[in-house]
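The values are calculated or read from the model by the stated rules, or taken from the named source; none is laboratory data. Bear in mind the structure is a predicted one, so any value in this text is a computation, not a measurement. Here the Cβ positions follow ideal geometry from the backbone for every residue, glycine too, while neighbour counts run over all protein chains shown. Accessible surface is based on the protein model in full, side chains and every heavy atom, while ligands, DNA and RNA are left aside. Shrake-Rupley method; radii C 1.70, N 1.55, O 1.52, S 1.80 Å.
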Amino acid sequence: MDFLAGIMEEFKSKIKTNDTNKGKVSAVCPSNIALIKYWGKREVQLPMNPSLSFTLTESHTRTDLKFKPKSDNDIQLKVFFDGDRKPDFEPKIHSFFERIEVFLPFLKDFEFEIHTQNTFPHSSGIASSASGMGALALCLTEIENILGANLSESERLKKASFLARLGSGSACRSIYQGITVWGKTDLIEGSSDLFALSYPYEIHETFHNFRDTVVLIEEGQKQVSSTVGHDLMKNHPYAERRFVSAIENLEKLIEVLKTGDLETFGTIVEHEALSLHAMMMTSQPYFILMKPETLKLIETLWNFRKDSLVPLFFTLDAGANVHLLYPEAYDSRVEEFLNTNCSPFRMIHDRVSI
Ligand code: PMV
């Protein structure tokens, strides 16, 4: 069986009944923050390097998906956000449904109403596409089971991760709690470009209950979307080295997650964040998503860490906001830092639980 036929066989719908009752399903899915960054992809939504992330706990999307039978043969959906109809959001979801219809043929048998809410402010810089696509994929696999697919819980999560990836790459990692990995690599047994999995190796207790406090340097729409950024990796002069560097960092991180060596953890994670932004700054056309306040905060953090020896580190997403990472045991020491240095900015206090 060739590669594509194999994928089709594994993920195509195994619905056995023709039960087309109306109904409603719901799902909650968190956002995630990558420590090893995915930046650069090939068709269709396949990553150029493996990535690893913390799934967050507080920042999540809740989606209620209502479905009722219809007779014509097209995709019909309406999207509501915080109770209001959002026609602007519909083309993206429509394309997502078109892309995954081959794996979920029932999408044309129903009309859908998607009601969605986030626990974090809209356009706050938290990746709502990850939690949003994750929640939607979980809803769809639940409908598939209602219609008789009979997927076990692990098969259902794997398929949800596979589908979420086709909506937004990093969304596939949000399906699992704790630490997750996406992208085929010999370093992680069972890893795949097609879906994410729960990190399968030992995790030192230092990383249980890690904090992620997001300092919102800039709110609102990003000037350059991640779709454009990924695309610019195609003719990027440093792309190949970057993909190798991500693998090297992942290899070191696997050891650090086992030993609990926080200092090396910080070196790897901060190098990843700055490498991501270095790729943006050396694309053609080049662009900068960090703001002066981003760099100022990083410098202040480095000075604080040197003086206090508090293991406080940062990572960055594709934006100006700074994610502060630290073990829960240092909550009160970091609170001093936040009060002194971050009070002009809004913050989101999140964490990863393992
Ligand atoms: O999933 P996308 O296409 O929004 O890309 C995510 C890219 C980063 O957030 C910068 C890195 C990552 O691995 O999450």
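General observations
- As for the stretch 43-52, it holds no residue that is assigned by TED's automatic domain parsing to the domain that holds SER161, surrounded by 15 or more Cβ atoms within 10 Å (Cβ to Cβ) and farther than 29 Å from ASP231 by Cβ.
- Of all residue pairs spaced 6 or more apart or on separate chains, those with beta-carbon atoms under 9 Å, a first member in the stretch 213-239 that is open to solvent by less than 40 Å² (accessible area, probe 1.4 Å) and a second member that is part of a helix (DSSP H, G or I) and away from the ligand (no atom under 15 Å from the Cβ) are THR213/VAL334; THR213/LEU338; VAL215/GLU293; VAL215/LEU297; VAL215/LEU338; VAL215/ASN341; ILE217/GLU293; ILE217/LEU297.
- Search result, residues across the stretch 196-243 that are within 16 Å of the ligand (Cβ to nearest atom), in contact with a strand residue (DSSP E or B) (Cβ under 7 Å, 6 or more places away or on another chain) and over 30 Å from ARG333 (Cβ atoms): ALA196, LEU197, HIS230
- Of the criteria (1) closer than 28 Å to GLY220 by Cα; (2) surrounded by fewer than 21 Cβ atoms within 10 Å (Cβ to Cβ), which one ILE126 fails: (2)
- PHE195 being free of Cβ contacts under 8 Å to residues at least 60 places away in the same chain and not aliphatic (A, V, I, L, M): yes
- The condition (being open to solvent by 20 Å² or more (accessible area, probe 1.4 Å) and within 13 Å of the ligand (Cβ to nearest atom)) is satisfied by just one residue among SER170, SER154: SER170.
- Residues that are open to solvent by 60 Å² or more (accessible area, probe 1.4 Å) and either on the phi < 0 side of the Ramachandran plot or among the basic types (Lys, Arg) (or both) within the stretch 77-93 comprise LYS78, ASP84, ARG85, LYS86, PRO87, ASP88, PHE89, PRO91, LYS92, listed in sequence order.
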